[in-house]
Structure formats: structure tokens, C-alpha cells
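Heads up, the thing below is written out as C-alpha cells.
The values are calculated or read from the model by the stated rules, or taken from the named source; none is laboratory data. What you see is a predicted model, and the numbers here were worked out from it, not measured in a lab. No Cβ is skipped: glycine too gets one built from the backbone with ideal geometry, and neighbour counts run over all protein chains shown. For the accessible areas, the whole protein counts, side chains as well, though only heavy atoms, and no ligand, DNA or RNA atoms are used. Shrake-Rupley method; radii C 1.70, N 1.55, O 1.52, S 1.80 Å.
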Amino acid sequence: MRHTISVFVTNEFGVLSRISGLFSGRGFNIESLTVAETMDPEISRMTIITRGNDKILEQITKQLNKLISVIKVHDFTNEKHIERELAMIKVSHKTENRAEILSIVEIFRGRILDISPKSYTIEITGACEKIEAITEILRPFGIKEIARTGSLVIGRSPK
Amino acid sequence: MTKNKTMTGAEIFIQCLIAEEVKTIFGFPGGVLLPVYDVLYDGPIEHILVRHEQGAVHMADGYARVSGKPGVVLVTSGPGATNTVTGIATAYMDSIPMVVFTGQVPTALIGNDAFQEADIVGITRPCTKHNYLVKDIKDLTKIIKEAFYIATTGRPGPVLVDIPKDIFTGTTVFNYPDKVSIPSYQPTYKGHPGQVKKALDFILKSKRPVVYAGGGVLLSDASKELTKFSEKLGLPTTTTLMGLGGFPGTHPLHMGMLGMHGTYAANMAVTDTDCLIAIGSRFDDRVTGKIAEFAPYAGVVHIDIDPTSISKNVKVDIPIVGDVKKVLKEMITALPKAAELKKFRKGISEWSGEIQKWSTEHSLTYDRSGKGNIKPQYVIEKLYELTKGDAIITTEVGQNQMWAAQFYKFDKPRTFLTSGGLGTMGYGLPAAIGAQIAFPRKTVIDIAGDGSIQMNIQEIATAVQYRLPVIVAILNNMVLGMVRQWQELFYDKRYSHTCMSVAPDFVKLAESYGAAGFKVTEQEDVEKVIKSALKIKDRPIIIDFRVEPFEGVYPMVPAGQPINKMLLV
Ligand SMILES: Cc1ncc(C[n+]2csc(CCOP(=O)(O)OP(=O)(O)O)c2C)c(N)n1
């Protein structure tokens, strides 16, 4: 099962390799990992997408917590949360399909960032599935390149 | 202590060790450490000059295991640092408190492939509890304070601190912090009262309970509490290799060690138990054998300070996270009245009887006829007898290690030192040296194999230099015995590269180092030579016991089999 975990770590030299080394050393998988400072510049927030059964997830959470540099681990999987990822997609265009591509971008609420005689660069934000969906739809036109940020996650505030 | 004084980093480093009450460090100098060694020259820290940095780490490890205090190592950058890796990994696997200081090239050169530069923080990240690179002299005292704190609290372990040369030569005002505050590191010591009660209720309802105790009992100094707990409830008790000495080896409730080379009784009991009480142990694969068939009828209670140990390999029904000693105390306090305990003990007497029967039917044994070559087990029984069970025993790895575990009876904690988790050949001699330095008057014996001893034999020179009467008892079978045994049993006796017919003359080798050397070829001489060795008090002793090369360690659970499927003698 897919899990989205936030890991709050002390913002120090080598901390990223402590986390990634833990995953590789113990054979846990990482689908994506993002990291940046929080409001407190001494603390960074990592968002990790991983897969595994309950037993593996229990180990991942405990092993992360055991690292001295880890302040807090939060698995969002079983609670309300918002997940977003940004992707930039470079897709080929020809005279006859330009309109079609532009309407797809609009449907997905994307933006055109750059236009060249042969390609559009599209910005798209959304949950992972949305990015995968537009990628599939654009694929027949000829995708030249994709850059994705990996997912970010934040909990929904109680209503 | 000197406070608010401006000092060099090297001076501050030594002041920090003094503040941590470090008496002895194990080290080896080098270019980037010159400023520190210059300060060391004036005392008061005792520095043991080793012959190889791996030796330094195992010595610190042995020192820590017997004394309970953190072992301290000081080595230079590059090769000095990389030579420590096996020792650090050994300590990490067995949760030994230790602080390793490595010199590093000057800050400005880091990352430039400078002479003797190695990214030791990167290299040791997965085998230390935590590690640091000191980037600013102002952080030096805080980092050292934290390093000792982390190494010795919670589940102990090695911490490495990498210090660039310019930090040692720089200056700042010295102030050692009184307190450590690491919000992200808060080990749990006290057991949850609800869980303690639940565990006790479950234990008291069981009919076939077993205690399975590990190294955590020793690390938490809980052997008194464990003994009391097992006695009050009359619980049959087994320990792991790391747990030996945590429960008296000659105690009537002790079933011996469990696992791959465990006793018949312990392995059968763990297989049939309905209530497995795991205390400071971690369900290592050498203990469990085939995991799906391990303790198949048992509800599992697990006491451990490390939450990651719980339900890692075996599903635990009642976990109690906490310090073993504290939790056992809580459990003892919560025990019911004497009458009820008596009733419980009576209720499990049939089970105890069954275990007793297993013990007598298949006790640890070997050919005691006295015919043929010296039996290695006989040597260990003699060592036990002649030291009255009061020696500190270290081992190398292989058959020597398993026979030592089986045939020496450890009644007291912190008297059996062995590389359990990593299985590091070459551990025993330096560990014995470390132990002897901690307890100069104790008899310390390394039970060795002829293969393993050659991995750190150079440390004999260290023992000679500091006049340490460590005894190295080599069970010399001229082969890599344990591997040979597997080849005999599972690889059609194809003895691929396990014969070590070329070896030094250990007596001459000992003498060339300035140690004493003996060679024993007849069983009847074993006792006499051990007695002579025990009289020597001013230098190390190597005894070359020429033992039966085809002797095997039994019982044995073949890898991947359930632990009740043992090959017996
Ligand atoms: C550093 C290291 N290398 C290899 C091994 C694998 N190994 C385990 S036991 C063993 C044989 C040890 O032979 P010896 O020291 O002569 O002891 P014996 O088994 O004969 O008592 C070997 C090679 C190991 N444990 N450690």
C-alpha cells in the first residue's frame, strides 16, 4: 500500500543521506522524496512516498524515529490530507493538434510556460494521479521530457 | 575544572574527556592528530598505544562491556579512520557504548581528495548510533557532550566524532555544558503500567512459560532483577549468546543457551511454550531458526528499550518499551502474594519436569573417554574448573566461540565478551586486552581459534607493552573449523579453502613478542599448562592447544530449519 509520510528533521549537514541511507540499507522503497526548510530554519520537512504492508510501515516509522536527527514522523495515509505535486511537461505539437493540446491543458488547469516552434512546456499541479492522467493523455502527441517535484503533503485543518 | 579559559581545540578536547571522567583511551597517532598527541603527552589521560586501529576499537569495546563505561578511541584521518570500521560495526550490532574520535584533514581541504582524507562520517553512518563532523570549534564541547550522552543512554551504541585538524589548532573559550538537550532523542525508560499489568496477567495464566533473555539484560545491569523475577515465578529461563551471564549459568532454572547451537532443552522449551517472555533480546535469526515455526504456540511478551526491535521479526502480543531493569522492577512489585505465586509454580511443575527430562536426556556432551586428540570442550571445562568460573572470557568467532558459550558456565554478568551480532573474527584478543585494562587483577582469557587469532595477533605487542597477563587459549585445529563443519555437513565434505596448515609456531611467535608461549599436544598435559599460565602475571601468554580437527559443535540447527530440528552428537 502507498503511504505518504512527513518527516521533520534537524536541518543539518548529512541529514538527507541519513534518511535515504536508512531506506536503502533496510530495503525500504522510496517513490519520491522532497525536502525543504520549514518556518523554523533549523527544521526541515521531508515528504516521502513509500510502499509496504503494515509491518513494513511500522518498521519504517520506528526506524525513522530512532534516528537522532528525526524530530517527528507523521504518516498521513489514514487521515484527511492534501497532496500536491508539480510537473513540467515538454510536449511536441504540430499545426493540426495545437488546439487539442491547449484544450487538454485547460481541462487540467495547467499553464503553458514556454512555446517553441516544435513544443509546448506545460506546468501542471495536482495530486499524483492527476499528473499521471495528463501524462497519459499527452503521450500520443509525443512527450519529450518530464520534470516532477515529487509529492508534498499537508493535513487538512479540522472543520 | 578549568572554566572560561581560552584554549586550543586540542586542549579543549582533553578537558572534555576529563569532564566525562574518561581514564583510558585506545589510540594510534597520525599527522592530523599531532596537536592532540602533544597535549596528551602531559597527562592525565592514560593512552594505550595499539598496533592496529581495529584493535583499538575492540579494546574500547571490551573495556565497555566489562565496566559498563563507554570505551573511547582516538585515531587519525584516512586509513586510521577506515581501519576502525569493523570494530565500530561490531559494537553497533551488540549495542556497546563507545565514542570514537577520528582526526580529519583541515576544514578547507575537505572534499578535495586531500592526503589521508576519507569521508568517515559518510562511511560510518549506517554502523553508528549517530555521528558528527565538527565544523566550528565553538561546537566542539557541545558535540562531545552529546556524543557521550547518546552513546550511553537508551539503547547504547557507538558514536563517532570527526574533528578536522584546524579545529584542534584553533582557540576558543572553554566551557563544558552541564546539560544535554536533544529534543528529538528521548528514550523511554519506564514501562507502561497498563502493559506491565497485561503482561503479568498473561504470564500468570500460562501453563508452559519460558523466559528468553538477551544482551539487553547485561546492558541495563538487570541480572539481579531477572534472577529474582524468574525465581519468584519459577520460570524456566534461557539466554542468547549475548545474554550469557545475565542469568546465573549454574542456576537450576537455567536451560542454557538457545538457538543454532543452543541446548536441546532450551530449543524444545521455546518451541512448545505457550508464553514466551522475551527480555532485552531481539529475535535474531541465529536464535529463531525458521521464523514461521518459531515458538508456534506462544503468546509473546517482549520487553525492550528499542521500539524497532518489537515486532521486527516475530509478532509480539504484549510489548513493553522500556529499560529492562526498570520494567522488571515494576513487574516484581506488581507480582501477586506469595500464596498465589506458589500456586502458579505448582501449576507449571509438570512443564518444569518435562524440561528437566529434556535436559538430562540430551545434555551438552562430547567424547570424554580421553582417547585420541585433545578435545576442545575438555580444554574449556578445565579452564572453567581451574579459574573457578571466575575469569573474564572473550572469544574469537567460530567453533571456539560456541564451545566457550556451551562449556564455560557464566554465573556473573559482564564476564563473557563475544562478537554476537557481527561475528567478527579477530575480536577476542583486543577485547581481552580492553577488559584486562579495566580490571587489572582479574584473570582474562581469550578462547581462540587458530584462524581468528591471526586476524589481530599484532595486539600481543600491546599486551606485552602494558604487561597485561591476558591468556590466549588457541583451540588449534589447523582449520577454519566452523566453516569446515558446514562443509562436512552440507557440502559433501568438500573442504574448499578451509585448511590452514600453514601457520606460525605460536610458541616462538609469543616469545618473539616477549610473551610466554606453551604448546600442548596431550590431553593429560592440559591442566598442568593452564596452571602454569595462570601463575604468570607480567606478560601475555599464548597456549597452543593442538585439538581434534574433526570435532563438531552440537547440537546444531541447520540454517533455515526450525530450532527443534537439531542435529545431536
Ligand atoms: C572477519 C571474518 N571473516 C570471515 C568470517 C567467517 N567465519 C566464521 S567462523 C570462521 C572460521 C573460524 O576459524 P577459527 O578461527 O580457526 O575458529 P574455529 O571455528 O576453528 O574454532 C569463518 C571463516 C568471520 N566470521 N569473520
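For chain B, the Stokes-Einstein estimate of translational diffusion at 20 °C and a viscosity of 1.002 mPa s comes to 87 µm²/s, using the Kirkwood hydrodynamic radius over alpha-carbon pairs. Taking every C-alpha pair closer than 8 Å and separated by at least 6 residues, the mean separation divided by the residue count of chain A gives a relative contact order of 27 percent.
Between exposed chymotrypsin sites (Phe, Trp or Tyr not before Pro) in chain B, where DSSP calls loop and at most 14 other Cβ atoms lie within 10 Å, what's the longest gap? In chain B, the maximal stretch lacking such sites is B:298-490.
With all pairs of different alpha carbon atoms counted, what Kirkwood hydrodynamic radius in Å does the stretch B:318-415 show?
Taking every pair of different Cα atoms in the stretch B:318-415, averaging 1/r and inverting gives 17.6 Å.
Note on B:Thr171 and B:Lys205: the model spin-label points, each 7 Å out from Cα along the C-beta direction, lie 7.2 nm apart.
For chain A, the C-alpha radius of gyration sits at 1.23 times the compact-globule guess of 2.2 N^0.38 Å, with N the residue count. The stretch between B:Asn112 and B:His192 holds 23.7 nm of extra length on full extension. This uses 0.36 nm per residue minus the Cα-Cα distance. Distance between the 7 Å Cα→Cβ label points at B:Asp317 and B:Ala339: 2.8 nm. Using only the alpha-carbon atoms of the stretch B:131-289 as identical scatterers, what base-10 log of I(q)/I(0) does the Debye formula give at q = 0.19 Å⁻¹? Reported log10 I(q)/I(0), two decimals: -1.13.
Counting only residues at least eight positions apart within a chain, or on another chain, the lysines with an alpha carbon under 18 Å from that of B:Lys135 are B:Lys145, B:Lys165. Based on C-alpha pairs under 8 angstrom that are at least 6 apart in sequence, the stretch B:148-237 has a relative contact order of 23 percent.
Calculate, for B:Leu567 and A:Leu86, the FRET efficiency according to 1/(1 + (r/R0)^6) with r their C-beta to C-beta distance and R0 45 Å; round to the nearest 0.05.
So, using R0 = 45 Å, E works out to roughly 0.15.
Be a star and scan the stretch B:532-567 for residues whose amide nitrogen sits under 19 Å from the point 7 Å along the Cα-to-Cβ vector of B:Glu488. Answer for the stretch B:532-567: B:545-559, B:566-567.
Residue separation of A:Arg26 and A:Asn97 scaled by 0.36 nm, minus their Cα-Cα distance, works out to 20.8 nm of gained length.
Over the protein assembly as shown, what number does the Rg to Rh ratio reach, with both radii from the alpha-carbon atoms and Rh per Kirkwood?
Values: Rg = 29.4 Å, Rh = 28.4 Å.
Expressed as Rg/Rh, it is 1.04.
Extension gain for B:Glu293-B:Thr250 works out to 12.6 nm (0.36 nm per residue, less the C-alpha to C-alpha distance).
Inter-part distance, the stretch B:1-74 to the stretch B:179-214, computed on C-alpha centroids, equals 36 Å. Can you tell me which of A:Ala36, A:Ala127, A:Ala87 moves the most in a GNM of chain A? Springs connect C-alpha atoms under 10 Å apart. Fluctuation is largest for A:Ala36.
Given a 1.4 angstrom probe, what's the average accessible area per residue across chain B, in square angstrom?
About 39 Å² of surface per residue is accessible.
Taking the stretch B:87-217 on its own, what percent of its Cα-Cα pair distances exceed 20 Å? So the pairs more than 20 Å apart make up 59 percent of the total in the stretch B:87-217.
Determine the distance separating the Cα centre of the stretch B:78-155 from the Cα centre of the stretch B:356-374; give it in Å without decimals. What the calculation gives is 47 Å, centre to centre. Cβ-Cβ distance of B:Ser363 and B:Asp136, R₀ of 56 Å, FRET efficiency by 1/(1 + (r/R0)^6): the value works out to about 0.35. For the pair A and B, the buried accessible area comes to roughly 1500 Å² in total, with a 1.4 Å probe and the value rounded to the nearest 100.
Inter-label distance, A:Thr38 to B:Tyr495: 6.3 nm, where each label sits 7 Å from its Cα along the C-beta direction.
Given R0 = 41 Å, the distance between the Cβ atoms of A:Arg51 and B:Gln458 translates into a calculated FRET efficiency of 0.25. For chain A, set up a Gaussian network in which alpha carbons nearer than 10 Å are linked by springs, and say which option among A:Thr47, A:Thr95, A:Thr125 fluctuates the most. Of A:Thr47, A:Thr95, A:Thr125, the most mobile in the Gaussian network model is A:Thr95.
Measuring between their Cα centroids, the stretch B:447-483 and the stretch B:496-517 lie 9 Å from each other. Here is how the number arises for the protein assembly as shown: DSSP H runs of 4 or more residues each give -39500 (n - 2.57), the sum is divided by the residue count, and the result at 222 nm is -10000 deg cm²/dmol. Measuring how big the stretch B:331-484 is from its alpha-carbon positions, Rg and Dmax come out at 19.5, 60 Å. Normalised radius of gyration (Cα atoms, divided by 2.2 N^0.38 Å) for the stretch B:42-97: 1.11.
Note on the stretch B:328-437: lysine pairs with Cα distance below 21 Å, sequence gap of 8 or more or different chains, count 13.
Ellipsoid semi-axes for the stretch B:200-339, based on the Cα gyration tensor and the rule √(5λ), read 20, 16, 16 Å when sorted largest first. Could you tell me what percent of the accessible area of the stretch B:241-335 is made up of carbon and sulfur, with a 1.4 Å probe and every protein chain present? Here it works out to 55 percent. Here the relative contact order of chain B, from alpha carbon pairs under 8 Å that lie six or more residues apart, stands at 14 percent.
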